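Input: a single structure, listed below in structure tokens.
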Amino acid sequence: MWQSVAGAQKEYRRLCGILRRVKSGNHSLLVDIAIILALVLIAVVGYKYSPLLLPETDLTLSPVDGCDLNRQPCRAVIPGGGSIELGISPNPIPVVKPLRVVATFSGLDPSKVELDFQGVAMEMGFNRLTLTRMADGRYTGEATIPVCVTGRMLWRATLLVEADHRRIAVPYLFDAPVAGS
Ligand SMILES: [Cu+2]
């Protein structure tokens, strides 16, 4: 009986010795570093490919100013030629109701057009749609933006245009909902 208890204690000390060595050894440190690197990699890749982020572009314009999408379509001039006009109706722009989006291009012939809605000051989820080309060359689509807990908020609508092997982002800022929408 005593022999087996002593034997168990001896075995326990032996196992603890092994565990201690593993814990404080280089092997464990390498495993820790590998785990940290893996976590960093996951974070970086996850961040980079998050759908909430806008894709990389060749040209990102500064937000179109001096024009309010709540009142009228707004035109942006593309450095290097061409212009883009974005219209969202009805005016003013409501929330939680279907919006009709029309993008008109002059001097450039896009192969793909998307529109991405983001909350400027808060995360409002993924709101992006691919616009379809109409017979007259304009691009159109139907969108809905969600209502915000704070009521009125500032939105950024970004046109993502692929034209002539260039990716161009054209952001527009607007408030929604404003009085009367
Ligand atoms: Cu909000």
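The values are calculated or read from the model by the stated rules, or taken from the named source; none is laboratory data. Being a predicted model, the structure only gives us computed values, none of them experimental. Cβ sites come from the backbone with ideal geometry, for glycine too, and all protein chains shown count toward neighbours.
Can you pull out the residues in the range 129-166 that are among the basic types (K, R) and modelled with pLDDT of 95 or more? Even if it seems obvious, please write down each step before you answer.
Taking the range 129-166 first, the residues among the basic types (K, R) are 133, 138, 152, 156, 166.
Correct list: R133, R138, R156.
Which strands (runs of 3 or more DSSP E) sit wholly inside the range 36-117 and have at least 2 residues that are hydroxyl-bearing (S, T, Y) and either surrounded by fewer than 16 Cβ atoms within 10 Å (Cβ to Cβ) or not assigned by TED's automatic domain parsing to the domain that holds G141 (or both)?
Values: elements: 74-77, 83-89, 99-106.
Correct list: 83-89.
So which residues in the range 118-139 are within 16 Å of the ligand (Cβ to nearest atom) and assigned to a loop (DSSP other than H, G, I, E, B)?
Restricting attention to the range 118-139, the residues satisfying the condition of being within 16 Å of the ligand (Cβ to nearest atom) are 118-127.
Within the range 118-139, V120, A121, M122, E123, M124, G125, F126 qualify.
So is A157 in the same structural domain as C67 (by TED's automatic domain parsing), of a type in the set (G, A, S), in a strand (DSSP E or B) and crowded, with 19+ Cβ neighbours inside 10 Å or not?
Numbers: in the same structural domain as C67 (by TED's automatic domain parsing): yes; of a type in the set (G, A, S): yes; in a strand (DSSP E or B): yes; crowded, with 19+ Cβ neighbours inside 10 Å: yes.
For A157, the condition - in the same structural domain as C67 (by TED's automatic domain parsing), of a type in the set (G, A, S), in a strand (DSSP E or B) and crowded, with 19+ Cβ neighbours inside 10 Å - is met.
Look at E142 and say whether it is assigned to a strand (DSSP E or B), under 21 Å from the mean Cα position of the chain (by Cα), closer than 18 Å to P63 by Cα and away from the ligand (no atom under 16 Å from the Cβ). Walk me through how you get there before you give the answer.
Numbers: assigned to a strand (DSSP E or B): yes; under 21 Å from the mean Cα position of the chain (by Cα): yes; closer than 18 Å to P63 by Cα: no; away from the ligand (no atom under 16 Å from the Cβ): yes.
Answer is no for this residue.
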